[in-house]
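Enquirer: Before I ask anything, here is the structure I am working with.
The values are calculated or read from the model by the stated rules, or taken from the named source; none is laboratory data. Note that the coordinates shown come from a computational prediction; the quantities given were computed from them, not determined experimentally. Because the Cβ atoms are built from the backbone with ideal geometry, glycine has one as well, and the counts that use them run over all protein chains shown. Heads up: the accessible areas ignore ligands, DNA and RNA and are worked out on the full protein's heavy atoms, side chains in. Shrake-Rupley method; radii C 1.70, N 1.55, O 1.52, S 1.80 Å.
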Amino acid sequence: MATKPKSKRAAVTFNVPQTRDDANTAIRLIGIDQRELARIEANMNDELAAVRERYEANATPLRDAIQARIDGVQIWAEANRATLTRDGKVKTARLPAGELAWRINPPSVTVRGLEAVLQRLHIMGLTEFIRPKEEINKEAILETPTAHPVRAVEGISITQREEFLINPFETELSEA
């Protein structure tokens with residue numbers, strides 16, 4: 001009979017403060033460790049920023065060259081569109097190195113000045129173009145006393161939990 005592979009993990013160990021002074025010392029050490037962790041993260045981000053900047057500097061000329069070639073090919077293709085599309089019979093032209101294609105995107109609606117547009121639609125009687133938006137008013141539920149029947153509605157629950165926080169004191173340097 002085959003045996004199950006055993007998994008090994010390090011046992012979780014931590015010191016439980018025994019006195020108020022021990023707890024104060026633990027909080028002070030948490031603050032020290034948090035600040036050291038922040039320094040490590042800041043150093044990592046500094047290094048990552050330098051690496052990203054170096055690669056971006058290498059990539060920028062290539063991006064510019066690609067865009068210049070795209071612009072040039074597009075100008076040439078537009079000038080020769082009738083020939084490439086056989087007078088509009090096809091939308092794709094095949095060249096030895098790749099394809100050129102003209103596509104029409106689906107129509108889209110852009111609204112600028114939402115409130116003014118909504119008002120104009122109402123005035124013009126074009127309310128079929130206005131969508132009523134229904135959503136749960138969570139703020140009203142929270143303001144309602146606990147005896148309210150909304151608590152009996154399946155799918156609605158009101159939760160609250162207590163969190164334990166440790167905030168080591170820190171002092172910021174003043175600006176000179």
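Enquirer: Picking from 174, 157, which residue would you name as being among the small types (Gly, Ala, Ser) and open to solvent by less than 100 Å² (accessible area, probe 1.4 Å)?
Expert: It is 157.
Enquirer: Can you confirm whether the range 61-71 contains a residue that is loosely packed, with under 10 Cβ neighbours inside 10 Å and among the hydrophobic types (A, V, I, L, M, F, W, C)?
Expert: yes
Enquirer: Could you say which residue among 106, 149 is out of contact with any Cys (no Cβ under 8 Å at 6 or more places or on another chain), more than 30 Å from residue 33 (Cα to Cα) and open to solvent by 100 Å² or more (accessible area, probe 1.4 Å)? It would help to see each step written out before you state the result.
Expert: Details: 149 fails: open to solvent by 100 Å² or more (accessible area, probe 1.4 Å).
So the residue among 106, 149 that is out of contact with any Cys (no Cβ under 8 Å at 6 or more places or on another chain), more than 30 Å from residue 33 (Cα to Cα) and open to solvent by 100 Å² or more (accessible area, probe 1.4 Å) is 106.
Enquirer: Is there any pair with a first residue in the range 147-176 that is touching a residue at least 12 places away in the same chain (Cβ under 8 Å) and a second that is assigned to a loop (DSSP other than H, G, I, E, B) whose Cβ atoms are under 9 Å apart and which are 6 or more apart or on different chains, and what are they?
Expert: 156/136; 158/146
Enquirer: If you don't mind, another one. May I ask you to say which residue of 21, 46, 33 is more than 25 Å from residue 172 (Cβ to Cβ) and free of Cβ contacts under 8 Å to residues at least 12 places away in the same chain?
Expert: Numbers: 46 fails: more than 25 Å from residue 172 (Cβ to Cβ); 33 fails: more than 25 Å from residue 172 (Cβ to Cβ).
Going through 21, 46, 33 in turn, just one is more than 25 Å from residue 172 (Cβ to Cβ) and free of Cβ contacts under 8 Å to residues at least 12 places away in the same chain: 21.
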